[in-house]
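Chemist: One structure is given below, represented as structure tokens, and several questions about it will come after.
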Amino acid sequence: MAEALPLARSQGYYAALRADYAARRALLSSGLRSLGAQVHEPQGTYFLTAQHPTWTAEGLVESGAVAVIPGEAFYVTSPPPAGLLRFAFCKSRAELEQALERLARLSNF
């Protein structure tokens, strides 16, 4: 590991990984915005949070659209913002596109 980490850096692995995640984040966030969601983009993780007026975590899972993490999972002492959903973009581009297609059908856009 001590030799592999600097080697990966010198060969551009981390720069490419960062660019790939940025592209997937942009794909998901722009797709969610086009469906009427308010998106909160992260700076250092592969999750983003979004709010949509008609989506709930339970509703998305039950409809077979997309599995998300409800915002309540991150609020212990205070109530979360209504409708807050956590989406992962550490998926393939094809999986993200499929998720957006499912959400679009669900939203009738």
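Chemist: I need every pair where a residue in segment 1-25 that is touching a residue at least 60 places away in the same chain (Cβ under 8 Å) and at negative phi has its Cβ under 7 Å from the Cβ of a residue that is open to solvent by less than 60 Å² (accessible area, probe 1.4 Å) and part of a helix (DSSP H, G or I), sequence separation at least 6 or different chains.
Modeler: Filtered contacts from segment 1-25: ARG24/LEU96.
Chemist: What's the total number of residues in segment 66-91 that are outside any helix (DSSP H, G or I), at pLDDT below 95 and of a type in the set (Gly, Ala, Ser)?
Modeler: Number satisfying all stated conditions: 4.
Chemist: Which numbered condition trips up LEU27, out of (1) touching a Lys or Arg at 6+ places or on another chain (Cβ under 7 Å); (2) modelled with pLDDT under 95; (3) part of a helix (DSSP H, G or I); (4) hydrophobic (A, V, I, L, M, F, W, C)?
Modeler: (2)
Chemist: Could you list all residues from segment 18-40 that are surrounded by 14 or more Cβ atoms within 10 Å (Cβ to Cβ) and of a type in the set (D, E, K, R)?
Modeler: Once the filter is applied, which keeps residues that are surrounded by 14 or more Cβ atoms within 10 Å (Cβ to Cβ) and of a type in the set (D, E, K, R), segment 18-40 yields ARG24, ARG25.
The values are calculated or read from the model by the stated rules, or taken from the named source; none is laboratory data. Quick caveat, the model's predicted, so the values are computed rather than measured. Using ideal geometry, Cβ is built from the backbone for each residue, glycine included, and neighbour counts are taken over all protein chains shown. To get the accessible areas, we keep the full protein, side chains included, count just its heavy atoms, and leave off ligands, DNA and RNA. Shrake-Rupley method; radii C 1.70, N 1.55, O 1.52, S 1.80 Å.
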